[in-house]
Amino acid sequence: MEVEKILEKIDFELKNKLTLDELNSFQDELQKLEVKIKNNHKIYYYLGEINYLKLQLEEAIYYFKKSFSINNFYNNVKDKITKLEKEKFELLTYLTFFDPTIQNPNSIIIANKDLQKIKYDFNPQNKIEDNFILQIYSKIKDELVKKNIDQNLRYSQTFREEELKYQCSRHHEVFFRYNAIPKYCFDCYKIQINPRNVLELLKLYFVFDNLNFKKKLFRKCMVELRKNIEGTYKGLIYCIGLEEAELAYQNIKEILFKTINKDIPLIIKRGCAEFTIAYPNYGHIDPKHKDFMNYDNNWIKYEEMVDNDPSINFPKNLEEKSLSGITLRDALVINNWLYYAKSIGDDTYKVISSDPIYSEYIEEKLSIKSY
């Protein structure tokens, strides 16, 4: 009965604006109860609420998940977990662009800062050895464990974004709504690199982190999770126009041959794979090819319909370049890559980790992809 009274009091007080000292006091009280009374979902729930009010996202998610594991019907706790994980991802994305200068007790921010301190020597003239990847990943893993970071992340791409800003979510909306390829996408070319295993993908990640082209280009590393799209591991460098793509191709080819392997496959492609599946002629990259596809001017009306639809809110591009070096989001994505490798039978993951962190996200995506 005493426990219920304490919890009722905390529930009432949390509706008011509390100071940090008051929140800490209630947290201490709950943690003492937690020691005495095991597996009480309400105690974990209110610990989650208090940590959220203290801006401790990681800790709040942890306690809400503990509450949910005991009673998954209490106070819409599942919705709270979903909301907080979205906020966490938004914070991780923010931290790929900005390094906060103010002191902050948030464990996510602290972990990101410490991962950014991991330094390494990179020389585009030298081969990246397997042992280098092992050493860096060991440092990453140590930081994640030390900061007690929840290593589940529903994402599988790393990127380095500079100068050029793409509006891919807008272009995809036009295509998936009306089966029309936006005009912008007809001048979009990419160099697609196809690492043959997860070790080569990790090496490509470090190459992309250190590219020094005269023109800064958007590049990303990923595992292929889309249904009906071939391939497993991919690195992409986006260019405007075929001429820029051909120049970038020659530059990256020389670097990859020295740093990874002279046999690593790479090719110039046009736009998104989904576009070529729907319109095979779109895949021709040479304007002189007899079947080279140009923009259909009748599609402009579909672009205007999407642009004028008030119900659509496309994410705004940050007017900043992404940070170099390892970020927390990158670290969690790398975990997903290793679990992906294990799931598809690529044993090179064992060089890095004997037992990759389980990824519910990768499991879900692979089950859809293979359906």
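What the table shows:
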quantity	calculated
Total residues in segment 189-213, condition under 22 Å from E243 (Cβ atoms) and at pLDDT below 95	3
Failed item, numbered, when Y233 is tested on (1) buried (at least 19 other Cβ atoms within 10 Å of the Cβ); (2) touching a Pro at 6+ places or on another chain (Cβ under 6 Å); (3) within 26 Å of N281 (Cβ to Cβ)	(3)
Test: residue in segment 102-116 that is more than 27 Å from I362 (Cα to Cα), out of contact with any helix residue (DSSP H, G or I) (no Cβ under 8 Å at 6 or more places or on another chain), free of Cβ contacts under 8 Å to residues at least 24 places away in the same chain and surrounded by fewer than 13 Cβ atoms within 10 Å (Cβ to Cβ)	yes
Of all residues making up segment 236-265, the number that are in contact with a Leu (Cβ under 9 Å, 6 or more places away or on another chain) and of a type in the set (A, V, I, L, M, F, W, C)	9
Residues being under 22 Å from K139 (Cα atoms) and part of a helix (DSSP H, G or I) - total across segment 92-126	12
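Yes/no matrix, rows are residues, columns are (1) assigned by TED's automatic domain parsing to the domain that holds L153; (2) surrounded by fewer than 16 Cβ atoms within 10 Å (Cβ to Cβ); (3) free of Cβ contacts under 8 Å to residues at least 24 places away in the same chain; (4) farther than 25 Å from L144 by Cα:
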| site | (1), (2), (3), (4) |
| --- | --- |
| F12 | no, yes, yes, yes |
| K15 | no, yes, yes, yes |
| L20 | no, yes, no, yes |
| Q27 | no, no, no, no |
| V35 | no, yes, yes, yes |
| E49 | no, no, no, no |
| K54 | no, no, no, no |
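The values are calculated or read from the model by the stated rules, or taken from the named source; none is laboratory data. What you see is a predicted model, and the numbers here were worked out from it, not measured in a lab. Cβ: placed from backbone, ideal geometry, glycine included. Neighbour counts: every protein chain shown.
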